[in-house]
Amino acid sequence: MATINDNYLKLKAGYLFPEIARRVNAFAQANPDAKIIRLGIGDVTEPLPAACRAAMVKAVEEMGERATFKGYGPEQGYPWLREKIAAYDFQARGCNIDADEIFVSDGSKCDTGNILDIFGDDNVIAVTDPVYPVYVDTNVMAGHTGAANEKGEYEGLVYLPITAENNFTAQLPSQKVDLIYLCFPNNPTGAVATKEHLKAWVDYAKANGSIIFFDAAYEAFITDAEIPHSIYEIEGADSCALEFRSFSKTAGFTGTRCAFTVVPKNLTAKACDGSDVQLWKLWNRRQSTKFNGVSYIVQRGAEAVYSEEGQKQVKELVNFYLQNAKIICEKLTAAGLSVYGGVNAPYVWVKTPNGLSSWDFFDKLLNECNVVVTPGSGFGAAGEGYVRISAFNSRENVEEAMQRIGDKFKV
Ligand code: MLT
């Protein structure tokens, strides 16, 4: 008799975003005339930069000629893309990262889950609370946790609360942890980490033999010149941190799919015989076995991000969403709500009014304003009492959504 991976049965209800979609669809069916504005999932709305489109069109043409046709590419990504990433995203910021330490992939969501393939099952794992749910759910699926309690916290994980009191940056754990997930600019709170904060984590990781999983998917939204874009801006991080990056939010690639993970060659972890093993070797082996690379066409599109016009166009795109975030912050503050984030990030973290629960405020905004947000409790127990508002939408929709919420809540 075939059996299943029982760990899946420990997962809470649906994954957060499908669960929101289910509720929104039910509302839409019952209210077919409602003009629903979706500021829930962080999915981009604006067209792909022209430079990326032109590069992809050219690549399609190349695929139509025998002389320039491409079959399988390197599983790790084409060298011309890896070299540009290393030069522009890392070396230009003083980070000592080489092209062959970049692994191009079809998404950071997949990479943050897949990376667990190369780690042992006995690591103590720390996540912030609230947190991007993929980090937690993939550990549950891999059998790294026990069951969830009534607050949705899984036995065996170390939760590090991030709250308004600590500026949404976690304190170092009081116990020893082996794997630590950090996301800056933060999803969901929109908070950023200073160099000092990241240095404290790097020092902790080096002292404890821990590995930091640094998710920098939103780094392009950093506006403050003092805030690091990469953990490798901190000396010594290449011996204790992996970094996840994505073209999804930077260049509007959520539907096009291209991301990358940085695995420095200095990074090692212990085998069960006590020896140090290079994580680069394991990830290279994992990707070569389970992944056939991102399509040539898409990688050419990603490469165009680094061209002169590409850089200009992605900056415009990012600034467009940041302006949306500014409008959201201003309008909600004027409506008497407490807001966080939204300055160096495309997410605004909003305290629910009158002590409403996250889901109650979600329902209220859906039913009374026809605006979809993400309930903070979906990101973890400490997210209760907040909702996340995404700045990824058209200007018109953001303005209308804020108008509707402002009209409802103005005191
Ligand atoms: C989010 O809304 O948190 C993101 O869109 C999720 C993702 O990037 O996978």
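The values are calculated or read from the model by the stated rules, or taken from the named source; none is laboratory data. On a predicted model such as this, the values are computed, not experimentally measured, just so you know. Every residue, glycine as well, gets a Cβ built from its backbone with ideal geometry; the counts of neighbours run over all protein chains shown. Side chains are part of the model used for accessible areas, which takes the heavy atoms of the whole protein and leaves out ligands, DNA and RNA. Shrake-Rupley method; radii C 1.70, N 1.55, O 1.52, S 1.80 Å.
Can we say Arg22 is over 30 Å from Asn149 (Cβ atoms) and open to solvent by 40 Å² or more (accessible area, probe 1.4 Å)? Criteria not met by Arg22. Taking the residues in the range 299-332 that are closer than 18 Å to Gln403 by Cα, open to solvent by 30 Å² or more (accessible area, probe 1.4 Å) and of a type outside the set (Lys, Arg) as candidates, determine which candidate is nearest to the chain's Cα centre (by Cα). Residue satisfying both the conditions and the ranking: Gln323.
Residues that are among the small types (Gly, Ala, Ser) and assigned to a loop (DSSP other than H, G, I, E, B) were ranked within the range 252-274; the one that is least open to solvent (accessible area, probe 1.4 Å) is Gly252.
Confirm whether Lys199 is touching an Asp or Glu at 6+ places or on another chain (Cβ under 9 Å), open to solvent by 20 Å² or more (accessible area, probe 1.4 Å) and within 25 Å of Lys249 (Cβ to Cβ).
Values: touching an Asp or Glu at 6+ places or on another chain (Cβ under 9 Å): yes; open to solvent by 20 Å² or more (accessible area, probe 1.4 Å): yes; within 25 Å of Lys249 (Cβ to Cβ): no.
Answer is no for this residue.
Pick out the one residue from Ser239, Ser230, Ser174 that is surrounded by fewer than 23 Cβ atoms within 10 Å (Cβ to Cβ), away from the ligand (no atom under 16 Å from the Cβ) and more than 25 Å from Thr268 (Cβ to Cβ). Quick ask: steps written out before the conclusion?
Numbers: Ser239 fails: more than 25 Å from Thr268 (Cβ to Cβ); Ser230 fails: more than 25 Å from Thr268 (Cβ to Cβ).
Testing whether each residue is surrounded by fewer than 23 Cβ atoms within 10 Å (Cβ to Cβ), away from the ligand (no atom under 16 Å from the Cβ) and more than 25 Å from Thr268 (Cβ to Cβ) leaves just Ser174.
Determine whether Lys249 is assigned to a loop (DSSP other than H, G, I, E, B) and away from the ligand (no atom under 13 Å from the Cβ). The answer is no for Lys249.
Based on this model, can you work out whether Tyr347 counts as touching a strand residue (DSSP E or B) at 6+ places or on another chain (Cβ under 6 Å), open to solvent by less than 10 Å² (accessible area, probe 1.4 Å) and within 16 Å of the ligand (Cβ to nearest atom)?
Details: touching a strand residue (DSSP E or B) at 6+ places or on another chain (Cβ under 6 Å): yes; open to solvent by less than 10 Å² (accessible area, probe 1.4 Å): yes; within 16 Å of the ligand (Cβ to nearest atom): yes.
In short, yes.
Restricting to the range 204-221, count the residues that are touching a residue at least 12 places away in the same chain (Cβ under 8 Å), open to solvent by 20 Å² or more (accessible area, probe 1.4 Å) and more than 16 Å from the ligand (Cβ to nearest atom). It would help to see each step written out before you state the result.
Step one: filter the range 204-221 for residues touching a residue at least 12 places away in the same chain (Cβ under 8 Å), giving 204-206, 208-221.
If we keep only those that are open to solvent by 20 Å² or more (accessible area, probe 1.4 Å) too, we end up with 204, 206, 208-209, 219-220.
Subset that is more than 16 Å from the ligand (Cβ to nearest atom): 204, 206, 208-209.
Count: 4.
Number of residues in the range 361-381 that are at pLDDT below 95 and among the aliphatic types (A, V, I, L, M): the value is 1.
What residue, among those in the range 135-147 that are surrounded by fewer than 19 Cβ atoms within 10 Å (Cβ to Cβ) and closer than 18 Å to Asp178 by Cα, is farthest from the ligand (Cβ to nearest atom)? Among them, the one singled out is Gly146.
Of all residues in the range 206-231, those satisfying the criterion of being touching a Lys or Arg at 6+ places or on another chain (Cβ under 8 Å) and part of a helix (DSSP H, G or I) are Asn208, Glu219, Ala220, Phe221. Restricting attention to the range 384-411, the residues that are within 17 Å of Leu317 (Cα to Cα) and in contact with a helix residue (DSSP H, G or I) (Cβ under 8 Å, 6 or more places away or on another chain) total 5.
Only one of these is within 16 Å of the ligand (Cβ to nearest atom) and either in the same structural domain as Glu243 (by TED's automatic domain parsing) or within 22 Å of the chain's Cα centre (by Cα) (or both): Ile97, Ile41. Name it.
Working: Ile97 fails: within 16 Å of the ligand (Cβ to nearest atom).
Step by step, each of Ile97, Ile41 is checked, and only Ile41 is within 16 Å of the ligand (Cβ to nearest atom) and either in the same structural domain as Glu243 (by TED's automatic domain parsing) or within 22 Å of the chain's Cα centre (by Cα) (or both).
Looking across the range 148-171, the residues that are more than 11 Å from Ala382 (Cβ to Cβ), open to solvent by less than 60 Å² (accessible area, probe 1.4 Å) and modelled with pLDDT of 95 or more come down to Tyr154, Gly156, Leu157, Val158.
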